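Okay, so here's the structure we're looking at.
Please treat every number below as a calculation from the coordinates, not as lab data. Owing to the predicted nature of the structure, the values given are computational and were not obtained by experimental measurement. FYI the Cβ positions are ideal-geometry reconstructions off the backbone, even for glycines, and counts take in every protein chain you see.
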Amino acid sequence: MRIFILVLFLLKFSEAFAQAEKNSLLKKLRSARPDTAKVDLYLGLSRLYQESRPDSAIQYARLGLELSRGLNYRLGEAMLTSQLGTINEIHDNIDVARKFNLQALAFYKQLNHTKGIAAEYNGLGILEGKNGNFDAATRYFLKALKLNEKARYKQGIVQSYIKLGLVNELSGELDKALTYYLNARKLNGSDAPGLYYLLNNIGTVEARKGNLREALKHFEEGIAKSDSVAYGSIHVSLRMNAANALDQLGRKQEALVRYKAVLGKTRQYNLPEAEARVLLNLSGLERRKADQYLESALDIAGRIGNTKLEAEIYQEIADHHKQEKRFEKALAALETHHRLVDSILSKAKTREIASLQASYELDKSQEEVKTLELSNQKRTAERNVIIVGTICVLLGCLTLWLYLLKFRRLNQKLAKSNEVKDKLFSIIGHDLRSPVGGIVQMMEVMESGLLSEAETKEMLSGLRKHSEASLETLDSLLLWGKSQLQGISVRKTSFESKPLIQKNLAFFNRQAEQKLIVIKDQTPHGLTLYADRDHFDFVMRNLLSNAVKFSHPSGIIKVSVSTRQQPDLAIFSVSDEGKGIKEELAGQLFQPVSSDDGTAGEKGTGLGLVLCKEFMQASGGDIWVESKEGNGSVFYFSLPYIEQKHTRCENRLIENSEAVA
């Protein structure tokens, strides 16, 4: 029995129609200004290329996403992020698609955009359906339906009904599927573009239930209304299904006439795969011309490079030769069929093995890096203990010498030295010993060999976090101790702030992505500062680190600068939407005390902000904070500047966009 064709996606247009639309959009793009209308042009081009040229579709989506961020066009960001998910879903990159869909869902929720939220639920449902998780897919589709009904969004309700029909049909719940399809048709009306696809799916369900005459009615209705270039693909599908229904009803001659008619339509609308499948069906109905039909179908499959279709055709050739008692030819065709199937499976297996191998190599590399880091940290800790011991001895000698010179000055210096020493050892004992001890315990557990692969990966992740916390503590400890004992050295030079900011943004990009955080750089090109370059780099790195650490998932971090508030001073700001600062901690923020934990349990010492304060004051600036618990924080710092050259970000985006177009 021939398989009826089920349409899984709506509103696919023919290549000729799509090409005309592409040419129109590209023409508009060349003269478009960098505004929200240009974002929509990028989105339209990405959608037109999403099936035939996914690389181009991704490039246009990224250009639109970059422009949206520059314009602070949040709805554009959401739509382009969702489009990246759609492209990956079409080409079966399910995990990547899910990531983009979840990011888009977060954007739409922030905007309280009901239609967008419902669309992302539908997208996530499609991904679950592709993985065979029909229950999870149904839950997502029902969520989307509920939102669309609440918003009284007719087209959204129709789409939810159709997707619920699809998932029930794929899971074998034909009665439920038919109910959803009929509800969609009733709500959709008789002239909507999606009607032809809906009629095809309703007919397919009726055919699967054995109601072939009822199915034929729906196919015929769709055929009568869809015969145009814009709907060539679905028109051919409807004709093939109608011929198939006639064949199964025993009306062979009518089916033969229908298949020959649809063969002409496949050539008219340039649908080679559909043409090959019609030839396959004709070979079964007109046995005397079967060899000719099968040979033509095989030629088409080879020309379009469809290995799966070639395998199906060779299976049909083998069956045909067997019926004609040409057993040697049947055996040869069957062997070719098996070879092609093995080739398909081999390619899939090769991709799977390559993915596993890459994953293994990555895990192995990360394990080696962690081992090396632990070794380096151990040597660094030993060296730091010697340094601290040496400093203590020197401080003791200095204290004795100062005591002989001046009693009062000796007491002051001695008190300060003891304070530094106490703080150093307090931090070592509290903030450094804990993560290092945790590292040792984790390594002992890993060496026991009792952990599963998943537990080992989880343990490695914890090991990395402890190691990073220890390294950050040591770095801050050395810098702060040096500043307390030797003073701060300032080397003022003229430098542009933008490159250093972008370098630090790139450094924290991975951490931000893990928490779905968006970092926006709103500083201009050409702002020249006159200060210590390393101090500026250190302060920007620490403020960005804290912003990521204390931001909630899906938050936004902004880096800005103003040169209008104070003469000759540039005031930078780093803002987040995180947990904010407790009132009792705010007054001690720039003092060497233990810091609060981040939103994901990240650890710190609090020394970074102490050094930031000292560096800024030494360079002729200052640093301060505005924060309220639960409402995020804004850290400001000021530095002398020379001049500011304005370079429009829009010009760079226009040039990049026109080059791609």
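Derived scalar couplings between HN and Hα for the stretch 228-235 equal 8, 4, 5, 10, x, 5, 6, 4 Hz in order, rounded to whole Hz, by the Karplus curve 6.51 cos²θ - 1.76 cosθ + 1.60 (θ = phi - 60°), x for Gly and Pro.
Among the listed pairs K498/K579; K109/K154; K154/K515; K27/K109; K38/K558, those with a Cα-Cα distance over 32 Å are K154/K515; K27/K109.
Applying 1/(1 + (r/R0)^6) with r as the Cβ-Cβ distance of D40 and T493 and R0 = 60 angstrom yields a FRET efficiency of 0.85.
Taking label points 7 Å from Cα along the Cα-to-Cβ direction, A586 and T528 give a separation of 3.9 nm. What shape does the stretch 172-241 take by its C-alpha gyration tensor, where a ≥ b ≥ c are the square roots of the eigenvalues and a/c under 1.5 counts as rounded, a/b above b/c as prolate, and the rest as oblate? Oblate. Computed from backbone phi, the HN-Hα couplings of the stretch 310-318 come to 4, 4, 4, 5, 5, 5, 5, 4, 4 Hz, rounded to whole numbers (Karplus: 6.51 cos²θ - 1.76 cosθ + 1.60, θ = phi - 60°; Gly and Pro given as x).
If a/c stays under 1.5 just call it rounded; otherwise compare a/b with b/c (prolate if a/b is bigger, oblate if not). Do that for the stretch 130-204, with a ≥ b ≥ c from the square roots of the Cα gyration tensor eigenvalues.
oblate
Between the alpha-carbon centres of the stretch 55-131 and the stretch 166-180 there is a gap of 27 Å.
Based on the mean of other beta carbon atoms within 10 Å per residue, what is the order of 75-83, 582-590, 609-617, most packed first? Please list the in-between numbers first.
Working: 75-83: 23.2, 582-590: 13.2, 609-617: 20.6.
Highest-to-lowest ranking by the protection proxy: 75-83, 609-617, 582-590.
The count of lysine pairs in the stretch 228-331 whose Cα atoms are under 18 Å apart, excluding pairs fewer than 8 places apart on the same chain, comes to 6. Remark: spin-label model distance R139-S228 equals 4.2 nm, labels positioned 7 Å along the Cα→Cβ axis.
Overall shape: oblate for the stretch 72-147, with the ratio a/c of the largest to smallest alpha carbon gyration tensor axis at 1.5 or above and b/c at least equal to a/b.
Amide H to amide H, with H built 1.01 Å from N, A531 comes under 5 Å of T493, F495, counting only residues 5 or more places away or on other chains. Here the stretch 114-218 is treated with +1 on each Lys and Arg Cβ and -1 on each Asp and Glu Cβ, and its dipole about the Cα centre works out to around 280 debye. Along the stretch 88-98 the Karplus relation, 6.51 cos²θ - 1.76 cosθ + 1.60 evaluated at θ = phi - 60°, assigns HN-Hα couplings of 5, 5, 4, 9, 6, 8, 4, 5, 5, 4, 4 Hz to successive residues, with x for each Gly and Pro.
May I ask you to compute the full-extension gain from I386 to K289, defined as 0.36 nm times their residue separation minus their alpha-carbon distance, rounded to one decimal in nm?
Extending this stretch completely gives an extra 25.7 nm.
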